[in-house]
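What follows is a set of notes on a single structure, which appears directly below.
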Amino acid sequence: MKRGQIEILGFVVIVLLLFFSLVIYFQFTSKERTGFIGEAEQNLEVSNLLTAIRYYTVCDGTSLGDAIVSCANEGFACGKDACTLIETDVPALVDAWGWDEDSYTFAIDDTVYSPQECSGDTFVDDYTGQGITVRLTFCY
């Protein structure tokens, strides 16, 4: 091969490398959540929000998880009715998370503490502690 042909071949290799690197870049930076990876990310987001709700501090030494237990036992937390505290703080946390009030359901046992029930496709995370089941459902 002549020297000019080798240089052109090198240029073609460089262009192909750039092309494939751009394809890979656009594949991983896609904002649309589709397929298995998108579902896994959404499930993780629901799980993380439920964990944040449980550990959110509502007053000195009292977490929202403690208020949930008190609400299930018809008790008080931070000098207020625990269920009223949940009805105000959970929507505030969900709103801060970036979800609409129509896109989730929060329930303690069989009692729903959200504006409406979910319909359609959902992602669900729950935990059970002290005989109480807490469920967060994301509707999409």
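The values are calculated or read from the model by the stated rules, or taken from the named source; none is laboratory data. Note that the coordinates shown come from a computational prediction; the quantities given were computed from them, not determined experimentally. Here the Cβ is made from the backbone with ideal geometry for all residues, glycine too, and neighbour counts use every protein chain on show.
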(message) With the structure loaded, tell me whether Ile68 is crowded, with 16+ Cβ neighbours inside 10 Å and not aromatic (Phe, Trp, Tyr) or whether it fails that test.
(response) yes
(request) Inspect all residues belonging to the stretch 12-35 and state whether any of them is modelled with pLDDT under 90 and surrounded by 12 or more Cβ atoms within 10 Å (Cβ to Cβ). (result) yes
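Quick check on the stretch 101-125: of everything there that is in a loop (DSSP other than H, G, I, E, B) and under 17 Å from the mean Cα position of the chain (by Cα), which residue is farthest from Thr84 (Cα to Cα)? First the steps, then the outcome.
Here is the first cut: in the stretch 101-125, the residues in a loop (DSSP other than H, G, I, E, B) are 109-110, 113-121.
Subset that is under 17 Å from the mean Cα position of the chain (by Cα): 114, 118, 121.
Values: Ser114: 12, Cys118: 21, Asp121: 29 Å.
Among residues in the stretch 101-125 that are in a loop (DSSP other than H, G, I, E, B) and under 17 Å from the mean Cα position of the chain (by Cα), the one farthest from Thr84 (Cα to Cα) is Asp121.
Determine whether Ile6 is modelled with pLDDT of 90 or more and farther than 30 Å from Asp95 by Cβ.
Values: modelled with pLDDT of 90 or more: no; farther than 30 Å from Asp95 by Cβ: yes.
No: the conditions fail for Ile6.
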(message) So in the stretch 112-133, with the set limited to residues that are among the β-branched types (Val, Ile, Thr) and farther than 15 Å from Pro91 by Cβ, which one is surrounded by the fewest Cβ atoms within 10 Å (Cβ to Cβ)?
(response) Thr128
(request) Please work out which one of (1) exposed (fewer than 14 other Cβ atoms within 10 Å of the Cβ); (2) among the basic types (Lys, Arg); (3) at pLDDT 85 or above is the condition Arg54 fails and give its number. (result) (1)
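Being in contact (Cβ under 8 Å) with a residue 60 or more places away in the chain, more than 18 Å from Leu44 (Cβ to Cβ) and either outside any strand (DSSP E or B) or of a type in the set (Val, Ile, Thr) (or both) is true for just one of Val134, Val69. Which residue is that? Step through it out loud before you land on a result.
Working: Val134 fails: more than 18 Å from Leu44 (Cβ to Cβ).
Just one listed residue meets the conditions, Val69.
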(message) Residues to consider are Ile53, Ile108; find the one that is in contact with a strand residue (DSSP E or B) (Cβ under 8 Å, 6 or more places away or on another chain) and in contact (Cβ under 8 Å) with a residue 60 or more places away in the chain.
(response) Ile53
(message) Whether any residue in the stretch 90-111 is small (Gly, Ala, Ser) and either in contact with a Gly (Cβ under 9 Å, 6 or more places away or on another chain) or farther than 30 Å from Phe28 by Cα (or both) is what I want to check.
(response) yes
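Give the residues of the stretch 53-68 that are under 23 Å from Pro115 (Cβ atoms) and out of contact with any helix residue (DSSP H, G or I) (no Cβ under 6 Å at 6 or more places or on another chain), sorted by residue number. Can you show your working first?
As a first pass, look at the stretch 53-68 and keep what is under 23 Å from Pro115 (Cβ atoms): 53-54, 56, 58, 64-65, 67-68.
Passing the criteria: only Ile68.
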